[in-house]
1. For the stretch 15-44, what are the residues that are in contact with a Phe, Trp or Tyr (Cβ under 8 Å, 6 or more places away or on another chain) and more than 22 Å from M121 (Cα to Cα)?
2. If we keep just the residues of the stretch 184-231 that are of a type in the set (K, R) and in contact (Cβ under 8 Å) with a residue 12 or more places away in the chain, which is farthest from I166 (Cα to Cα)?
3. Filter the stretch 17-45 down to the residues that are assigned to a helix (DSSP H, G or I) and surrounded by 14 or more Cβ atoms within 10 Å (Cβ to Cβ) and list them by number.
4. Output yes when any residue across the stretch 214-226 is of a type in the set (K, R) and surrounded by fewer than 19 Cβ atoms within 10 Å (Cβ to Cβ), and no when none is.
5. Does any residue of the stretch 17-24 turn out to be within 14 Å of L72 (Cβ to Cβ) and polar (S, T, N, Q)?
6. Would you please name the residue that is farthest from E261 (Cα to Cα), looking only at residues in the stretch 199-230 that are among the small types (G, A, S) and in contact with a Pro (Cβ under 8 Å, 6 or more places away or on another chain)?
7. Please indicate, with yes or no, whether at least one residue in the stretch 150-162 is closer than 19 Å to R105 by Cβ, under 18 Å from the mean Cα position of the chain (by Cα), assigned to a loop (DSSP other than H, G, I, E, B) and among the aromatic types (F, W, Y).
Amino acid sequence: MPAELGFGALDDQLVLQCVLAYRGGDIFRTDFAGEFESAEDQTETFSALAANLRDVVAFLRDVAEIPHVRLLPYANVIPVLVRFVRLHGAPEGRAATLLRRWVWRGAVVGTRARGQSVADMRGQISAVQRPNPVAAAGALLERVPAHTRFTAELDKVHFNQAMAKINALCLLSAEPRDPATGTPVDIARLLDEGSPLRPIFDNSDLALVGTFANRVIAAPGPASTLRTELAKASPEVAESHLLDAKAQSLLAKPSPAAFLERRADTLTAAFERHVDRMAEWGARDGRSIADLMRTG
């Protein structure tokens, strides 16, 4: 299951929805007690679902670049992907590209709509009932706007907010390294132990202290130690936390207000670039030119 893959444990309700998505029909049905014909049927289903979820996790981690369930803006994509894999196999090629756009566009749209409804999820499950994986992925993508604009909200720092998860994913896209050792951070371990976000300044009077401008992904420790390590870090390590040489110099002085303002500007631009890269707003969402030529 996902926890064994370092992706984190799914809650009971989500597991139930995954089982029902794998079996087919309404994932919100309540007659689960009579779902299985026998103990053998149940065992076979759970075994097959475990293999299915491995494919789902591989897609989310390797293609959508979401390494842990706690960073998934909306967990409802998992049952939908379970159904997709059951019908079409592991996402690959063009289908994987379209699904990655669907995950990220849906995440951004969801932050504006304050989540997704039961009707939305039922519609998504129905959408994957298509004759081939590209058509299924395309049908999902048609359910979210193709043209929009992501605007970073750095003040969202709590993981009960989808935007905070998007922000954290954007930080992770820089492949953060431990400020002291330079080794890649173990995001699964940090998430399993609590929040992976570590404040740089602990002065509550600073205007941006409560935002992502004042956060890096690193193991817990004193803010003063973190500032020293970041100020002295190699360019490669500093860049992995979206700090340039000027930002490092503002840490060394230190100049908290100026540092946070500079980093806020840096993060805003970097976060918007990353989301745009993953969502590919306005891209051609139909079949690829290569597919059209093969079937033309």
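1. Result: Q42, single match.
2. R227
3. Q17, C18, V19, L20, A21, Y22, R23, T45
4. The answer is no; no qualifying residue exists.
5. yes
6. My answer is A218.
7. Yes, the stretch 150-162 has at least one match.
We did not get these values from a lab; they are worked out from the coordinates using the rules stated. Bear in mind that the values here come from a model prediction, so they are computed numbers and not experimental data. Counting neighbours? That spans all protein chains shown, and the Cβs are built from the backbone with ideal geometry, glycine included.
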